[in-house]
Amino acid sequence: MGKDSKLILDPLTDNNPITIQVLGICSALAITAELEASIVMSISVLFVLGIGNVVISLMRNIIPSKIRIIVQLIVVATLVIIVDLVLKAFAYELSKTLSVFVGLIITNCIIMGRFEAFALGNGPYRSFLDGIGNALGYGVILIIVGFFRELLGSGTLLGIPVLGDPIEKTGLYAIGYENNGFMLLSPMALIVVGIIIWVQRSRNKALIED
C-alpha cells in the first residue's frame, strides 16, 4: 500500500480517530440520534478538515510558531461559519437540530490535532488526503451509530418508517416489537461506539493494549 493510500485508508480502519484515538467523542454522543444529522455532520467535518488542512499546509512556512494555534482556530472558525451559513440557507430545520454542535466543530480535537500533527509539516496534497481520510474515518463511525440509534430507537431511517407503523401496529410492531427509547439517549451512543471498538479489536488483535 502506498503512503498516499494509507493516508486515506488508515483512519478508516486501524487508526480511526474515534475508535482508536478516542477523539471527537462529543459529537458522536450528541447528534447521532438521527441518521440525517449524522450524515450532515460528517459532510461538514469532511469539508472543514479537508480544506482546512490544505490552508494550514499552504501557510505553514509563514505562520509564527507562537501564534500557530490562533491561526488554526481562525481558519477552522471561518470554514465552520461557511458550513453554518450553507445549512441555514438550504437546510434550515436541520441547522436548528444541529445548532450549537456545528459551532463545536471549531474545537473538535480531530481537526486541531490534524492541523498540528500533519498539516504543519507536510505539503498541501498529502495534507488534503490526510484530512479527507480522518474525516471519513470520523464520518463512518457517526453514520453507523446514527443508523442503529435511529433504527432501533425510532423505527425509522432518515425519518422514513422502515419497521412499520407503531400506532397502527403494522410490520414488526404487529408481532409485538417495540422501539427502544433508550437508544435515543446520549449514553447509548457511547455504548454503540463501545461495541464498535470491541468488534474492531476482536478482528485485529494488534489493536488490543497490554
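Among the residues of segment 27-47, those identified as in a helix (DSSP H, G or I) and either among the acidic types (Asp, Glu) or within 10 Å of the chain's Cα centre (by Cα) (or both) are SER27, ALA28, GLU36, SER38, ILE39, VAL40, MET41, SER42, ILE43, SER44, VAL45, LEU46. Checked against (1) open to solvent by 30 Å² or more (accessible area, probe 1.4 Å); (2) touching a helix residue (DSSP H, G or I) at 6+ places or on another chain (Cβ under 7 Å); (3) among the hydroxyl-bearing types (Ser, Thr, Tyr), TYR177 passes all but condition (2). Checked against (1) open to solvent by less than 70 Å² (accessible area, probe 1.4 Å); (2) not in a helix (DSSP H, G or I), ARG149 meets all criteria but (2). Per this entry, PRO17 is counted among residues that are assigned to a loop (DSSP other than H, G, I, E, B) and out of contact with any strand residue (DSSP E or B) (no Cβ under 9 Å at 6 or more places or on another chain).
Among the residues that make up segment 165-176, is at least one of them outside any helix (DSSP H, G or I), touching a residue at least 12 places away in the same chain (Cβ under 8 Å) and of a type in the set (A, V, I, L, M)? No, segment 165-176 has no match at all.
For segment 22-45, a residue qualifies if it is at pLDDT below 80 and open to solvent by 60 Å² or more (accessible area, probe 1.4 Å), and the qualifying residues are VAL22, CYS26.
Within segment 181-194, is there a residue that is over 22 Å from the mean Cα position of the chain (by Cα), open to solvent by 20 Å² or more (accessible area, probe 1.4 Å) and over 22 Å from VAL45 (Cα atoms)? Yes.
Exactly one residue out of LEU157, LEU151 is of a type in the set (A, V, I, L, M, F, W, C) and in contact with an Asp or Glu (Cβ under 7 Å, 6 or more places away or on another chain): that is LEU157.
The values are calculated or read from the model by the stated rules, or taken from the named source; none is laboratory data. Worth saying up front: this structure is predicted, and the values here are computed from it rather than measured. Here Cβ is always computed from backbone atoms with ideal geometry, including for glycine, and neighbour counts include all displayed protein chains. Side chains are part of the model used for accessible areas, which takes the heavy atoms of the whole protein and leaves out ligands, DNA and RNA. Shrake-Rupley method; radii C 1.70, N 1.55, O 1.52, S 1.80 Å.
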